[in-house]
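Remarks on the structure that follows.
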Amino acid sequence: MLVASGTFGFGEEYAELVDISRLGGICTKAVTLAPRAGNPQPRIWETPAGMLNAIGWQNPGLEVFLEEKLPTLRQYEVPIIVNVAGETRAEYVELAARLDNVAAISALELNISCPNVEHGGLQFGVAPDLTEDLVGAVRQVTDHVLITKLSPNVTDVSAIAQAAVAGGSDALSLINTLVGMAIDVEGRRPALANITGGLSGPAIRPVAVRMTWQVAEAVDVPIIGMGGITTAEDALQFIMAGASAVAVGTANFVEPTAALSVIDGLIEYCRHHNVARITDLTGAAHSGRQ
Amino acid sequence: MLTTQAELTRREQVAPEHYLLTFVCPPIAEQAQPGQFVHLRVTKGLEPLLRRPFSVMNVNLSQGSFQLLIQAVGQGTQILAQAQAGAVFDLLGPVGQPFPLPDGAEQVLLVAGGVGVAPLIFVAERLKEQPAPCYVQGLFGAQTEDYLCCWLEFSTRCDEFATATEDGSAGEKGLVTDLLDKQLDRGGVDRVYACGPVAMLAEVARQCQEQQVPCWVSVEQRMACGVGACLGCVIPTRCEGSQHYQRVCREGPVFAAAQIDWEAMSPELDRC
Ligand SMILES: Cc1cc2nc3c(=O)[nH]c(=O)nc-3n(C[C@H](O)[C@H](O)[C@H](O)COP(=O)(O)OP(=O)(O)OC[C@H]3O[C@@H](n4cnc5c(N)ncnc54)[C@H](O)[C@@H]3O)c2cc1C
Ligand SMILES: Cc1cc2nc3c(=O)[nH]c(=O)nc-3n(C[C@H](O)[C@H](O)[C@H](O)COP(=O)(O)O)c2cc1C
Ligand code: FES
């Protein structure tokens with residue numbers, strides 16, 4: 001049970017409210033090489049059972065992350081998964097290389113749903129060849145467990161998943177947010193300053209479960225499933241669709257202890273159904289299909 | 001800050017679309033400082049999904065209660081406006097940085113616009129309770145007399161009090177910032193605290209800077225997490241000449257007016 005990147009800050013924000021040590025790990029907010037200011041306001045907009053966000057990678061940069069954020073994160077004694085983002089292939093490679101000898105972190109999560117400036121703004125994560133090339137380049141400079149985070153804004157998520165695995169990804173996480181948009185009808189303009197934003201929350205869950213199912217059929221590496229999980233039943237849907245782990249994102253905003261409630265609910269489910277380990281249920285729906 | 005539950009014990013309409021809600025919740029009553037807010041879940045369901053932030057208007061320590069003044073503007077506030085006594089809400093609080101109250105007896109000027117009066121009522125109360133009570137001047141502006149919500153709660157806590165309405169139905173005809181201009185000209189004001197629409201706050205900040213009176217404002221922004229994690233609620237601030245964003249829920253909602261980059265603040269959130 002993880003908390004999803006960008007929805008749990010660097011842990012410290014929730015430390016007062018949540019027994020973080022019960023989590024299976026924290027995916028950090030995206031870390032970039034240089035500090036990033038992020039997008040202008042408005043950055044968020046609520047939608048039915050969800051929200052749009054265009055935060056724009058606001059983060060203090062790699063150096064401050066290593067010097068200030070990481071020491072705090074380590075105190076919680078849970079695996080730390082660093083979400084890394086860049087605008088160019090070289091930025092990803094440099095980030096991964098500089099994080100390679102940092103023993104305190106458990107894994108890197110490659111955020112490939114970012115614009116690739118070298119390819120005219122096209123996202124790395126929407127083209128299989130770019131994905132494989134990027135993952136491969138990062139793979140060469142790191143011994144950390146490498147997780148590739150897939151974008152749902154693609155025609156064929158399985159092809160991207162296969163490309164990431166071919167590039168050397170140890171695991172996959174999905175889904176990132178769906179590109180969406182809202183109009184402020186009083187102001188007669190886009191609701192977000194960035195015009196479009198990423199849709200998250202319960203509204204996207206069926207899409208996320210579907211993609212988890214498809215990716216599980218296409219690859220053999222572990223999958224971290226996410227997208228709108230708020231309850232244990234939601235988490236079970238991802239697990240049965242093929243996820244070995246799950247992450248809670250937007251639900252943290254609604255209820256800081258959401259991930260802990262999901263854990264409690266999963267334990268309860270296992271007890272009630274005599275399941276020895278939750279991972280025994282991974283992919284269960286594939287064999288149970290009619 | 002803690003996650004807790006609060007029971008609504010009283011709901012009273014105080015103006016068109018404005019409601020005064022009383023909640024029993026001893027930990028919030030004990031811990032809340034003027035300027036801090038609660039981040040409240042209006043429903044257990046998914047509609048609306050996100051919590052809603054509201055400034056604490058005052059606390060009653062003996063009853064373990066606190067009050068919120070709410071303007072019904074949309075789905076979430078509409079639900080609160082119709083809630084029945086006995087309803088229980090999840091809340092997170094107290095959240096954010098309070099107004100930095102002076103140590104000694106100062107002359108403090110409070111400038112309230114509309115529903116922005118809420119945190120200033122709490123401020124006025126604490127300023128009068130100090131070992132060395134402050135001299136408190138209150139200025140309150142609204143569209144019309146009807147919208148001077150809780151003006152009695154405000155005025156009774158002030159040593160001097162004046163109102164301005166846009167239509168002249170109560171007090172001076174015009175804006176509350178016209179009153180401020182005159183007060184500052186008179187001199188003697190040690191500090192100013194303000195809460196209200198962005199345009200009003202920007203004008204308060206401008207006047208205070210011109211007169212070199214320290215000023216703090218409480219600002220609003222759309223929020224998701226309320227704890228500093230999502231970075232959704234930031235406002236543009238200036239620090240040593242360079243612009244950067246600060247979180248309203250963590251570094252705010254109270255900011256030194258001089259810190260805010262007023263030109264970059266969007267008036268998009270203004271309702272009044
Ligand atoms: C620190 C702080 C203190 C506040 N104190 C008070 C108070 O004491 N009394 C009061 O009536 N209101 C207060 N507000 C504003 C109040 O939070 C919004 O009016 C409310 O969230 C609107 O919700 P809604 O569902 O009715 O409106 P909708 O329009 O349906 O809301 C849609 C989204 O926009 C957000 N939103 C809309 N308007 C605002 C706004 N002005 N500020 C922040 N978010 C907004 C909502 O939270 C929600 O995410 C405060 C806001 C902040 C940030
Ligand atoms: C405010 C916000 C910020 C996010 N920031 C990041 C980020 O920095 N990197 C990333 O890979 N995903 C980011 N995400 C996506 C989430 O990690 C997650 O993939 C997505 O929100 C779907 O899960 P959910 O519906 O449970 O929130 C962010 C999501 C939100 C809502
Ligand atoms: S509301 Fe999430 S950072 Fe302020």
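For the reader, a short list of remarks on this structure follows.
- Within straight-line reach of A:K29, meaning a Cα separation under 23 Å, sit the following lysines at least 8 residues removed in sequence or on another chain: A:K69, A:K149.
- Taking every residue in A:41-52 and counting other chain Cβ atoms within 10 Å of its Cβ, the average works out to 6.
- For the stretch A:230-286 versus the stretch B:44-79, the gap between their alpha-carbon centres in whole angstrom: 32 Å
- Counting only residues at least eight positions apart within a chain, or on another chain, the lysines with an alpha carbon under 18 Å from that of B:K182 are B:K173.
- With helices as the sole contributors, chain B gives -6000 deg cm²/dmol at 222 nm; each DSSP H run of n ≥ 4 counts as -39500 (n - 2.57), and the sum is divided by every residue.
- Percent of beta bridges antiparallel (DSSP, the protein assembly as shown, rounded to nearest 5): 55 percent
- Across peptide A:4-16, the average count of Cβ atoms from other chains found within 10 Å of a residue's Cβ is 3.
- Partners of B:K128 within straight-line reach, counting aspartates and glutamates whose Cα lies under 13 Å from its Cα and excluding those fewer than 8 residues away in the same chain: B:D103, B:E106, B:D159, B:E160.
- Stretch gain in nm, segment A:D143-A:H272, where the contour uses 0.36 nm per residue and the Cα spacing is subtracted: 42.5 nm
- Separation of alpha-carbon centers, the stretch B:137-186 and the stretch A:1-43, rounded to whole Å: 43 Å
- Considering only trypsin sites (Lys or Arg not before Pro) in DSSP loops that have at most 15 other Cβ atoms within 10 Å, the longest stretch of chain A without any of them is A:1-187.
- For the peptide B:231-237, the mean number of other protein chain Cβ atoms found within 10 angstrom of a residue's Cβ is 6.
- Amide N proximity, the stretch B:1-31 versus B:V88 label position 7 Å along Cα-to-Cβ, cut-off under 17 Å: B:3-10, B:23-28
No lab work stands behind these numbers, since they all come straight from the coordinates. A quick note: this is a predicted structure, and the numbers were derived from the prediction, not measured. Cβ sites come from the backbone with ideal geometry, for glycine too, and all protein chains shown count toward neighbours.
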